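The values are calculated or read from the model by the stated rules, or taken from the named source; none is laboratory data. What you are looking at is a predicted structure, and each value in this text was computed from that prediction instead of being measured. When we count neighbours, we look across all protein chains shown, and the Cβ atoms used for this are built from the backbone with ideal geometry, even at glycine. In case anyone asks, the SASA skips ligands and DNA or RNA and just uses the protein heavy atoms, side chains included. Shrake-Rupley method; radii C 1.70, N 1.55, O 1.52, S 1.80 Å.
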Amino acid sequence: MRQISFFVEGVPVTKGSKTMIRTKDGKYRMVEAGNLKKRNRLKEWMKKVQWQASITIDEPFCGPVALEATFFLEKGKTVKRDLPHVKPDLDKLMRAIGDAMQSIAYKDDSCLTDLTLRKRYAGELGAGCFITIRE
């Protein structure tokens, strides 16, 4: 059974809903919801995930794939809780990871049959996401 693990450094960003915008020429197109700054942060995060996946994974997994992801979030100075049971939403964090690794780790994110997801506060490694993929 093939298994690959890697860490992506940086603040994890959610991939949420889509919204329709009107372009200067009067046409409409779908974009990620949120302001331009948030969309740019998402694009940069997904590029980091893609880059780290591409240098770690030789060839995409075939067939069903199990993915485990632990998101490490920055902890505010005044935060007392042990676990980050606040925003960002875990499923939206996963959406960004799942879409970013398409064609690199697997053919399509529909190949994912098992997901194990966690949110934790960052420790010595800093903010990021630790990902394990296995057949």
Q: Taking DSSP loops as anything outside H, G, I, E and B, show the longest stretch in the chain free of trypsin sites (Lys or Arg not before Pro) there with at most 12 other beta carbons within 10 Å.
A: 82-135
Q: Note down the accessible area of D91, probe 1.4 Å, to the nearest 10 Å².
A: 90 Å²
Q) When we measure straight from the Cα of K87, which aspartates and glutamates land under 17 angstrom away, once same-chain ones fewer than 8 places off are left out? A) E74
**Q.** Residue-level accessible surface for S5, protein heavy atoms, 1.4 Å, Å²
**A.** 50 Å²
Q: Please compute the net charge surrounding A122, taking Lys and Arg as +1 and Asp and Glu as -1 over other residues with Cβ under 12 Å from its Cβ.
A: 0
**Q.** Cα centroid of region 2-35 to Cα centroid of region 61-134, whole Å
**A.** 16 Å
(Q) Please report, in whole Å³, the volume per residue of the convex hull around the C-alpha atoms of region 25-70. (A) 170 Å³
(Q) Which residue, V79, F6, I104, has the largest displacement toward the positive end of the dipole of the chain when charges sit on each Cβ (Lys, Arg +1; Asp, Glu -1)? (A) V79
**Q.** Rough spin-label spacing in nm, given labels placed 7 Å along Cα→Cβ, for V31 and R134
**A.** 4.2 nm
Q: Report, ordered by chain and residue number, the lysines lying within cross-link reach of K27, taken as a straight Cα distance under 29 Å and ignoring same-chain residues fewer than 8 apart.
A: K15, K18, K37, K38, K43, K47, K92
Q. To one decimal place, what orientation-averaged projected area in nm² is obtained for the convex hull of the Cα set of the chain?
A. 9.8 nm²
Q: Could you work out the Rg to Rh ratio of region 59-106, with Rh taken as the Kirkwood radius (inverse of the mean 1/r over all Cα pairs)?
A: 1.12
Q) Just the accessible area for F7, please: 1.4 Å probe, Å², rounded to the nearest 10? A) 40 Å²
Q) Given a cut-off of under 8 Å on Cα pairs at least six residues apart, what relative contact order in percent is computed for the chain? A) 43 percent
Q. On full extension of the chain, what length is gained from D99 through K87, given 0.36 nm per residue of separation minus the C-alpha to C-alpha distance?
A. 2.3 nm
Q. Lysines near K80 by alpha-carbon distance under 21 Å, same-chain residues fewer than 8 away left out - which ones?
A. K119
**Q.** Model label zone, R120; criterion: amide N under 11 Å from point 7 Å along Cα-to-beta-carbon; scope region 69-92
**A.** 70-73
